[in-house]
Amino acid sequence: MSTLTDPPKESFRLSMLIYDTRYRSATIQVVAMIGFMILIGSIISNTVHNLTDLGKEPSFSFLSEPAGYDINQRLLDYDNQDSHMRASLIGLLNTLVVAVLGCITATILGVIIGVLRLSSNWLVARLMTIYVEMFRNVPVLLWIVFIMAILIETLPAPRAFRGDTPEATMSVFDSVAVTNRGVYVPEPLFHNSLGNIHVFGDSALRFDVSLDLMAFLIVLGGSLYASMRIRKWADALQESTGRRPTIWHIRAAVVIVPSALLMLVLGFHLGYPELKGFNFSGGTHLRNSLIALWLALSLYTAAFIAEIVRSGILAISKGQTEAAAALGLRPKRIMNLVVLPQALRVIIPPLISNYLNLTKNSSLAIAVGYMDLTGTLMGITMNQTGRELETVLLGMLVYLTISLLISSAMNWYNNRVKLVER
Amino acid sequence: MSDISFVRTEMLPPKDPPASEVGVVGWARANLFSGWFNSILTVVSLYFVIKILIGLIGWAWVPTWSATSLPECRVIFEELGRSGHNAGACWGVIAERWPQLLFGFYPNGYEEGTADLRWRPVLAFVLLFVALAPVLFSDKVPAKLIYFTAVYPFLMPWLLWGGTVWTPVSAALGFVLGYVVYKALAQSTSELIGLIVGVVAAFVWWLFVASLFSSALASVVPLALESVESRQFGGFMLSITIGVVAIGLSLPIGIVLALGRQSDLLIVKTLCVGFIEFIRGVPLITLLFVASTLLNIFMPPGTNFDIIMRVFIMVTLFASAYMAEVIRGGLAALPKGQYEGADSLGLNYWQAQRLIIMPQALKISIPGIVSTFIGVFKDTTLVSVIGLFDPLNLTNAIRADADWNGLVWELYGFIALLFFVFCFGMSRYSMYLERKLQTGHR
Amino acid sequence: MNNSVFFGALTVAGLAAGAAAAGTLDDVKARDKLNCGVSTGLVGFSAPNANGEWEGFDIAVCRAVAAAVLGDPSKVEYVPTTGKTRFTALASGEVDVLARNTTWTFSRDVDLKFEFIGVNYYDGQGFMIPKELGVSSAKELDGATVCIQTGTTTELNLADFFRANNISYEPVPIETNAEARQQYLAGACDVYTTDASGLAATRATFDDPSNHVILPEIISKEPLGPLVRHGDNEWGDVVRWTLNALVAAEELGITSANMSEKAAGTDNPEINRLLGSEGNLGEMLGLDADWAQKALAAGGNYGEIFAKTIGEDTPVGLARGLNAQWTDGGLLYAPPFR
């Protein structure tokens, strides 16, 4: 018995790298690593070699040269003498705008459609099924160009608004002009504006911060916080005395009055769009390309989200609904209080990947001439400077960063929801 | 005996339910007009459906099938008393161009001295279903058909690209050689050595021997199809080819990546995760830009793939990342007992994967694989951005013909319809499969 | 390592990889096919017909070069390129010659390392606008919405023009001519700007061309021509002189109808030299003596090609204008064949 306590001490042999499971994994890893290094190394050396042959030195200096082209849709100031860097930044912001808008509307539409697909109304349920199948089974690029074509062909041109008996008129009390160049809506203006703060001087990253907006946000944030405190106070009072004071009017006043006062002080008024020369001027111009892309992406993604919502709702066992019904809840409250909160847990992970898909699909903007990152950096800039390697790599890097940010943010949220639930 | 009680001995016949509860009316009341909200919804949706249908049918129902140009269509509309920008559909463009939308520039025998070769993609497409039958409808077809499935990956490129039959045969022989070497070495030495040497042997065969072998055989037995350049691919044929090739090639890559992602080996895992997340994090269009502008720069000087090959490569990489995630889902869905069971039988890693894990995981993943395929198939329209003639880009080419300049809806509608038919069919199949698998699994 | 992976795929797919190391002329001869980069579709310049055959003005250049080098105008592989992919396709050796109405500019010639071998169409950027707007000069376009095709020099010219005149505009970037046409007709933009030839071609396909005017201002010079890679002068010479042969043939009165008659020998030594019955010009280029005959047989001389593809009798309906022979007041001036 005592003879077998120590395993025989083996000296290390080369063959153990393959036969011994303790070392084999290390061998495989080292081999994989070497293979990967060789792959990367050969790609880099090939690239350098090929670029030298073509007489191009990889360099990012083109980013600071003047871009020379104009961008119609822009959140920050830009003109064609600004650098390619600035143009790319404008493009990036445009990507983010359409992605955020798209995600919001796609979610709203998707939830509505998903719930309606389960509606007891036969016609509505069928129509929603048709909607979902129609959008899921046709490429999104086709939808984008299709919707763009519909907008262009069916909406009136600005010149239809002209004349004494115009063919088209502005809607919503003459304040909104819906044209095939886009939608013009009134813009907020201030008589006693506080002005802007200019950040980053003349660099490519420069931007203006509107003090009016900042002031408004601060006041609104403050009043929302106050309103929350009031609710907490009411809750505490209810806990201790069992009597809940009526607070909704106080809370409403706390939220509305300070903002309204601020607006009054700043001299808030709306700037209406007006037909001047070739175009409407004044107001905020939501361009057709943005609307078409936004609409197409949201409608397309909504079809997927609807399916997710539907399967999420169906995943909740019938016993939950029946138990809630037995408690005397109305169908609407059953949905809001019992089914949806549970379904969310099933819904959120696939929802994240749909948000990611939407963001990535927004790169199809070039099909309708919306100047997003693909249209500026990987479009005109690449074309004018001939720097394919630099622009494409930079563009991929930016998209990758956006994707990783979105997925980590959503995963964080997902984990939070999970913790609250369990 | 004054209080006479009456006891009824037979039941009254049941009354018919009220007319409002049965038949069409009853159905409509229950399903369309239950409550004021539903009634409004029904009426509003009916209104829109009818309005859209009337508009659409009025537009589409015009005798323009034989028109040979847009001006000719306009003449027909004028005769019908219609005018304006969207007076009606000009179907002549579809009548004239549908072969192009389906086959692109595949040789159609129009030019003198050339043959109409379009039967080849059609045959390849039909055979695709035969090859897939053992997988898709395993209970309805003879099991022997699986051999054809194994042959198909070599048959399809031969049918599409043509050339001597010995090229695909020698490519297939590479696999056979690799397997034989693996078997021989795995018996005598170790599995790992067998695997490595087998793979090396296959590559040596492909790189150095295969071309000699096939050209030698071709000179002895010249059995060849007329070869077709991949540039001549276009239209739906291109979309389907890209989709099928990408999914076919991405399946093995995806399995390897999924296993790598699950593995305990840190470096392997990191590499796999990095690759998957990178590909999934960037839009396909940027990968296509890489295919069109950068891939040649990454290659050793002198190599030059044509653009369709490069697109195949990038779309395959793209699909593999998604495939890896689908298969990972399948692996995760397997109960832990299966892994433990395999271990307790004393199977090693690869044996367990091959005999226990993968067959089950792949079966669970089939719906996911089908939907990945639908996604990739739809995404093939993106190649229009880099100038390949998929159906969407063909519309631009067709509209560059002075006869058809100015058409929009007919072409988009036709393409959308074809895509819909394909994708809808596949998604229905995947749902059927999901149901079948669910009952089989629980 | 990566090599082998791709070569594996390559063998399976049965693909021929061509090396770009040797001279392009030898490559083309060895391949027996000319790879010609063309536009994916531009009315009159390049478009596939219902049978998949490419037709148009730019296509004619490809056919002529293929005929001169390989003796058969149909031995061309057309590689459709977009505004984005065209230069990479040429630089990477995917195409031998790019005939895609590309403007000859300094930076493309010098910085991007290409060689423009001549001009096959002198164009300029113009504006088209509906008559009802009552605009007679581009300088009155302050505040207008302008449709431009992206990926071209047009957007840079446009920005320069409006900046120089200190007026504002709203650009609507558009990928293809077909979409631009759609937007313009629906009134989504007031003005459409692109090369004047493109404008005329587009206008010709409207149902009411007379309601649209092309403004008199031509805001840029757009010499469109075929281009090849820098550094392969033999190949550049072949393409250059093929184009020159087409132009010179028109000047010398050689048409596809009378070519065989003139090839037998004429009193004009230049015709004889061009058609190969005298001298050894073909040999100097590394081609057959009758290279120019073959090139001319492909589609006729420059004038014939013009008339057939974009001339006044075609739907495109362009006048010769600047593209007339220098003897007729145009800019076409082929150097002497001697």
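Put simply, of A:ARG159, A:ARG181 the only residue that is among the basic types (Lys, Arg), surrounded by 21 or more Cβ atoms within 10 Å (Cβ to Cβ) and facing another protein chain (nearest Cβ under 8 Å) is A:ARG181.
Among the residues in segment A:291-308, are any of a type in the set (Gly, Ala, Ser), touching a strand residue (DSSP E or B) at 6+ places or on another chain (Cβ under 8 Å) and open to solvent by less than 20 Å² (accessible area, probe 1.4 Å)? For segment A:291-308, residues of a type in the set (Gly, Ala, Ser), touching a strand residue (DSSP E or B) at 6+ places or on another chain (Cβ under 8 Å) and open to solvent by less than 20 Å² (accessible area, probe 1.4 Å): absent. Going through segment B:63-100 one residue at a time, which ones are assigned to a helix (DSSP H, G or I), hydrophobic (A, V, I, L, M, F, W, C) and open to solvent by 20 Å² or more (accessible area, probe 1.4 Å)? Scanning segment B:63-100 gives B:VAL75, B:ILE76, B:ALA95, B:TRP98.
Here is a check on your reading of the model: is C:GLY37 within 9 Å of chain B (Cβ to nearest Cβ) and buried (at least 24 other Cβ atoms within 10 Å of the Cβ)? Here the answer is no, as C:GLY37 does not meet what is asked.
Those helices (runs of 4 or more DSSP H) of segment B:178-287 in which 2 or more residues are among the basic types (Lys, Arg) occupy B:266-281.
Among helices (runs of 4 or more DSSP H) entirely within segment B:291-355, having at least 3 residues that are under 23 Å from A:MET382 (Cα atoms) singles out B:295-298, B:307-333.
Among the listed residues C:GLU217, C:GLU175, C:GLU140, C:GLU222, identify the single one that is within 30 Å of C:SER92 (Cα to Cα) and open to solvent by 30 Å² or more (accessible area, probe 1.4 Å). Even if it seems obvious, please write down each step before you answer.
On the way: C:GLU217 fails: within 30 Å of C:SER92 (Cα to Cα); C:GLU140 fails: within 30 Å of C:SER92 (Cα to Cα); C:GLU222 fails: open to solvent by 30 Å² or more (accessible area, probe 1.4 Å).
Testing whether each residue is within 30 Å of C:SER92 (Cα to Cα) and open to solvent by 30 Å² or more (accessible area, probe 1.4 Å) leaves just C:GLU175.
Of the residues making up segment B:127-159, those that are of a type in the set (S, T, N, Q) and assigned to a helix (DSSP H, G or I) number 1. A search for C-beta distances below 6 Å between a residue of segment C:125-152 that is more than 9 Å from every other protein chain (Cβ to nearest Cβ) and any residue that is open to solvent by 30 Å² or more (accessible area, probe 1.4 Å) and not hydrophobic (A, V, I, L, M, F, W, C), counting only pairs 6+ apart in sequence or on different chains, returns C:GLN125/C:ASN157; C:LYS131/C:ASN211; C:ALA138/C:GLU217; C:LYS139/C:ASN165; C:VAL146/C:TYR169. Would you confirm, using the coordinates I've provided, whether A:LEU189 is assigned to a strand (DSSP E or B) and on the phi < 0 side of the Ramachandran plot? Yes; evaluated as a whole, the condition is true for this residue.
Would you point out which residue out of B:LEU347, B:LEU295, B:LEU362 is open to solvent by 10 Å² or more (accessible area, probe 1.4 Å) and more than 30 Å from B:ASP264 (Cα to Cα)?
On the way: B:LEU347 fails: more than 30 Å from B:ASP264 (Cα to Cα); B:LEU362 fails: more than 30 Å from B:ASP264 (Cα to Cα).
The unique qualifying residue is B:LEU295.
Looking across segment A:209-247 at every residue that is in a helix (DSSP H, G or I) and among the charged types (D, E, K, R), the one that is farthest from A:ILE197 (Cα to Cα) is identified as A:GLU239. Test B:LEU53 against the criterion of being free of Cβ contacts under 8 Å to residues at least 12 places away in the same chain and surrounded by 18 or more Cβ atoms within 10 Å (Cβ to Cβ), and give yes or no. Answer is no for this residue. The residue pairs whose first member lies in segment C:286-307 and is part of a helix (DSSP H, G or I), whose second member is among the basic types (Lys, Arg), and whose beta carbons are closer than 6 Å, counting only pairs six or more residues apart or on different chains, are C:ALA298/C:ARG63; C:GLY299/C:ARG63. Evaluated against (1) at pLDDT 90 or above; (2) within 30 Å of A:SER210 (Cα to Cα), A:SER45 falls short on exactly one condition, (2).
Tell me which of these B:VAL376 doesn't satisfy, since it passes every other one: (1) among the hydrophobic types (A, V, I, L, M, F, W, C); (2) surrounded by fewer than 19 Cβ atoms within 10 Å (Cβ to Cβ); (3) modelled with pLDDT of 90 or more. So B:VAL376 meets the others, but not (2).
Is there a residue being more than 14 Å from chain C (Cβ to nearest Cβ) and either surrounded by 12 or more Cβ atoms within 10 Å (Cβ to Cβ) or under 30 Å from A:VAL368 (Cβ atoms) (or both) anywhere in segment A:273-282? Scanning segment A:273-282, I find no residue that is more than 14 Å from chain C (Cβ to nearest Cβ) and either surrounded by 12 or more Cβ atoms within 10 Å (Cβ to Cβ) or under 30 Å from A:VAL368 (Cβ atoms) (or both), so the answer is no.
For segment B:268-295, taking the residues that are over 18 Å from A:LEU394 (Cα atoms) and facing chain A (nearest Cβ under 8 Å), the one that is modelled with the lowest pLDDT is identified as B:VAL268.
The values are calculated or read from the model by the stated rules, or taken from the named source; none is laboratory data. Computed from a prediction, not measured in an experiment: that's the story for all the values here. A quick note on method: Cβ atoms are made from the backbone with ideal geometry, for glycine too, and the neighbour counts reach across all protein chains shown. All accessible areas refer to the heavy atoms of the entire protein, side chains included, with ligands and DNA or RNA removed. Shrake-Rupley method; radii C 1.70, N 1.55, O 1.52, S 1.80 Å.
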